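Participant: Below you'll find the structure I mean.
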Amino acid sequence: MTSVQPKRGLGKIASRGAAVTLVGQILRVTLQLAGIVLLARLLSPTDYGVTAMVLAIIGVGEILRDFGLSSAAIQAKTLSVGQRTNLFWINVGIGAVLTTIVAALAVPIADFYGDPRLLGVTLALAPTFLFNGIATQFRADLNRRFRFGQLAGVEIFAQACALGIALMLALWGWGYWALVAQQVIQAFLQVVILPFLARWLPGLPRRGEPMRSLLTFGGGLVTAQLLVYASRNVDSLVIGRMFGAQSLGYYNRAFQLMLLPLNQVNAPSTRVALPTLARLQDQPKRYAEFILFGQTILLNLVSLILAFSIAQAPAVISISLGPQWAPSVPIFQVLAIAGFFQAAAYATYWVVLSQGLMKRYLTYTIVSRPLVIGLIVVGAIWGVQGVAIAFAVGNALLWPIGSFWIVRGSIAPALRLFLGSLRTLVVYGIAAAVSFASTIAIPEEQAIVRLVVGFVTLLAALAIVALVFPPYRRDVLAMASARRYFRRTPAAAPDPTTTTQEER
């Protein structure tokens, strides 16, 4: 017998999910910032470089471990208990195989970089693939059922515990092992807690379940993700190989600082957008309205942080990481520009996942990503800064190509998405230039004063632009009326939290 929960409007569900996810992300950002600030003062650039060398290579295994099956499960219109069980065991099997392979590659990785420290680091990180493989479908199940509060809770708890232990190890002089422990403990805690939250035990694999569409979706996605990963991590590989752990440490901290706002906005927005858009495929007008609204929120949040960071990079690095990280400043400024183009392309990724456009996305990725890889390899001729510039140029080229190649012909409004991104780039570029000019005369030693003056000036510049530029003013008003937007969703929309008694 089927037990159905009372129906609620999809807009209200998405609104509540967005609010819960936002609160969770604020807490996660706070924890991450605390970790960046405190660990950067306890560890050296070399410590970060040693860990980054290994992660640049074995990180590809995390994509293979998921095999695109978490996204396949979330975007599927229907998903039986048997299908979900089979997906679980596939992810676990892949995770176990990857743990074995990574452990076997420990010696070759250490030999590749010529650094024996990497042997132990690789062996210690290998079990994370098995942990994450077990957790994948539990996380996807909570996401699919819009249980964002529980999902955020376990992630924050695991992150906080892992950071606390890493800080203790760093204080005790464990160096890069503190960073390794942070990675392993965070993955382990999630795999312990998530099954209890999902209230679901997979049982044994089931025959006769229709798995082909899920595996086809996952296979196409993972192939594209591998190429994307290569284009986004070949920079660390090249720098580590050519310039050593210390140079990679400076680059890695700049890159991670740039990714902080990107990941903390992109990841939760996708968590809400994907299941919502997947359920709006039969309502093109609502689909277009939602994705335009989502892009407006995402881009303005990310661009505000990145524009301020570019304009006031010396003060941001000095306060967040410490004066010893000054060589990261010019790298960070260039990578922050690349960050905007990554954010601008994210709505395209929502279209791909929600509409299952794997073949088109894969073709685009096969053609475009080698271009970025080639640019980075050539950029290395001019050192670490050359790598950063090449990375930014590559992402700038991918943004318009992807916007029209992938989105055009789908139910998403390709031109409006592109123009919205372009408008945001121009507006925040102007605001960043004004903020930068406002603090030129202030001594670099007065970092806090520079930040305050620069931020106030940035906001003032944006306010003036909103007054004289109606399209941007409409964006601001749309963000201000976000709650009312969600309430407009028809109450009769299908309830994605509906479950059967068997699924409980």
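Participant: Which of rounded, prolate, oblate describes the range 221-484, given a ≥ b ≥ c as roots of the alpha-carbon gyration tensor eigenvalues and a/c under 1.5 marking rounded, otherwise prolate only if a/b is larger than b/c?
Facilitator: oblate
Participant: Continuing with the same structure: Any idea how far apart residue 36 and residue 415 come out in nm if each label point goes 7 Å out from Cα toward Cβ?
Facilitator: Each label point is offset 7 Å from its Cα along the Cβ direction, giving 3.8 nm.
Participant: Let me ask something additional. Would you mind getting me the FRET efficiency between residue 111 and residue 377? Use the beta-carbon distance for r and R0 = 25 Å, nearest 0.05.
Facilitator: Here the calculated transfer efficiency is 0.75.
Participant: Treating only the Cβ atoms of Lys and Arg (+1) and Asp and Glu (-1) as charged, compute the dipole magnitude of the range 312-464 about its Cα centre; round to the nearest 20 debye. Don't skip to the end; give the middle numbers.
Facilitator: Working: 7 positive and 2 negative charges, 140 e Å.
Computed charge dipole of the range 312-464: roughly 680 debye.
Participant: Can you work out the FRET efficiency for the pair residue 459 and residue 196, with r the C-beta to C-beta distance and R0 = 35 Å, to the nearest 0.05?
Facilitator: Efficiency, from the Cβ-Cβ distance: 0.20.
Participant: Could you compute the net charge surrounding residue 462? Neighbours are other residues with a C-beta less than 15 Å from the C-beta of residue 462; K and R count +1, D and E count -1.
Facilitator: Taking every Cβ under 15 Å from that of residue 462, the sum is +2.
Participant: Rounded if a/c is under 1.5, else prolate if a/b is larger than b/c, else oblate: which is the range 355-428, with a ≥ b ≥ c the root eigenvalues of its Cα gyration tensor?
Facilitator: oblate
Participant: What is the distance, in nm, between label points placed 7 Å from the Cα along the Cα-to-Cβ direction at residue 449 and at residue 366?
Facilitator: Distance between label points: 5.9 nm.
Participant: By how many nm would the segment from residue 476 to residue 285 lengthen if fully extended, with 0.36 nm per residue of separation less the alpha-carbon distance?
Facilitator: Working it through step by step, the gained length comes to 66.6 nm.
Participant: Fully extended, how many nm does the chain gain between residue 433 and residue 396 (0.36 nm per residue separation, minus their Cα-Cα distance)?
Facilitator: Working it through step by step, the gained length comes to 11.4 nm.
Participant: Now for a different question. Would you mind calculating the gained length between residue 467 and residue 246 on full extension (0.36 nm times residue separation, minus the Cα-Cα distance), in nm to one decimal?
Facilitator: Values: separation 221, 0.36 × 221 = 79.56 nm, distance 4.67 nm.
Gain on stretching residue 467 to residue 246: 74.9 nm.
Participant: Of 374, 480, 454, which is farthest along the charge dipole of the range 221-484 in the positive direction, counting Lys and Arg as +1 and Asp and Glu as -1 at C-beta?
Facilitator: 480
Only the coordinates and a few stated rules stand behind these numbers; no lab work does. Remember, it's a predicted structure, so these values are computed and weren't measured experimentally. For neighbour counting, all protein chains shown are included, and Cβ atoms are generated from backbone atoms with ideal geometry for every residue, glycine included.
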